Every structure is written in C-alpha cells, then in structure tokens.
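Student: My structure is below; once you've seen it, I'll send some questions.
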Amino acid sequence: MADSMASPAKVDVDSDANMSADFSSKLDLASPGAGAATGKKDDKVRIFAKNVGDAPILKTTEFSASAASPFSRVIDHIQKKIRTSAAHKDAVVHLFINQSFSPAPDEQLGDLYKCFQNNGKLVIDYALKEAWG
C-alpha cells in the first residue's frame, strides 16, 4: 500500500530552444494576468500546471501563453514535456480546469482565463488517467 502512495517522479524539462513564441517559461510579473480581458494578440495568460495522481511533476510548473492561443497549444506543450521521460513516452495526458472539466481544444486561453482564473493564474490540472469530467 505504501508503494501506491509514493510521490510521482519529477520530469527533467530542459529549456527548449524550439519552443513556440507563444510559450514562455518566464513570467511577466510586472503585469499579472497581463490584460487577458482585452483580447489583444500580445496579451499573456499566466498558467500554473498541477499534477494529479501518478502524473509526473513538471520541472517548470508556471509559464505564460498568448491569450489568443487555443487550449490545444497547452495540451501539446504539457504532453510534449511529459513524453520527454522514457517512462512516459507514450502517455496520454488529460487536462482539466478547476478540477472539474476539460475545455474544448479550440477554446481560447484568454476566455478561459476570464472565466476561471484564480489569483491571476489559470490553474490547469493534468493527469495520465481521466480524473474529473
């Protein structure tokens, strides 16, 4: 029983030189939630990725993305980071907002931020198995 309670392994995520311009592992702390409500192309949404169950912990759990980006960009980004580990190379990652539902892949991050942000961040829970919704 103690084995099932073991904490998940931390995935070593190196800086990715080919990472899309929409994603940044460094946050713009001068303007939290940087105007996501305005819907401008250069607006950023702060995202906090939180593991659930036996999903590995990402080395970088906070990043920002363009408010105009679709949710599918976050799905691809987190899935790519988890699949860098040999143990999870074929993993299917499920993402949830507010520990309850998985938004449509074409949903804009700015819209999700406006509706579901918490303390200036959009909290996205990720799991290797469906946990909610």
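Student: Here is a list: 64, 72. Which entry is touching a Leu at 6+ places or on another chain (Cβ under 6 Å), under 17 Å from residue 45 (Cβ atoms), among the polar types (S, T, N, Q) and modelled with pLDDT of 90 or more?
Tutor: Result of the check over 64, 72: 64.
Student: Any idea which of (1) at pLDDT 95 or above; (2) open to solvent by 30 Å² or more (accessible area, probe 1.4 Å); (3) not in a helix (DSSP H, G or I) is the one residue 41 doesn't satisfy?
Tutor: Of everything listed in (1) at pLDDT 95 or above; (2) open to solvent by 30 Å² or more (accessible area, probe 1.4 Å); (3) not in a helix (DSSP H, G or I), residue 41 misses just condition (1).
For (1) under 16 Å from the mean Cα position of the chain (by Cα); (2) over 14 Å from residue 70 (Cα atoms); (3) not in a strand (DSSP E or B), each residue gets a yes or a no:
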position: 91; (1), (2), (3): yes, yes, yes
position: 95; (1), (2), (3): yes, no, no
position: 106; (1), (2), (3): yes, no, yes
position: 110; (1), (2), (3): yes, no, yes
position: 115; (1), (2), (3): no, yes, yes
position: 126; (1), (2), (3): yes, yes, no
position: 131; (1), (2), (3): yes, yes, yes
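Student: Suppose we filter the range 103-133 for residues that are in contact (Cβ under 8 Å) with a residue 24 or more places away in the chain, within 17 Å of residue 50 (Cβ to Cβ) and open to solvent by 70 Å² or more (accessible area, probe 1.4 Å); how many remain?
Tutor: Number satisfying all stated conditions: 5.
Student: Is there a residue in the range 76-85 that is free of Cβ contacts under 8 Å to residues at least 24 places away in the same chain, outside any helix (DSSP H, G or I) and open to solvent by 50 Å² or more (accessible area, probe 1.4 Å)?
Tutor: yes
The values are calculated or read from the model by the stated rules, or taken from the named source; none is laboratory data. Bear in mind the structure is a predicted one, so any value in this text is a computation, not a measurement. Reconstructed Cβ throughout: ideal geometry from the backbone, glycine too, with neighbour counts over all protein chains shown. We work out accessible area using only protein heavy atoms, side chains counted, and drop any ligands, DNA or RNA first. Shrake-Rupley method; radii C 1.70, N 1.55, O 1.52, S 1.80 Å.
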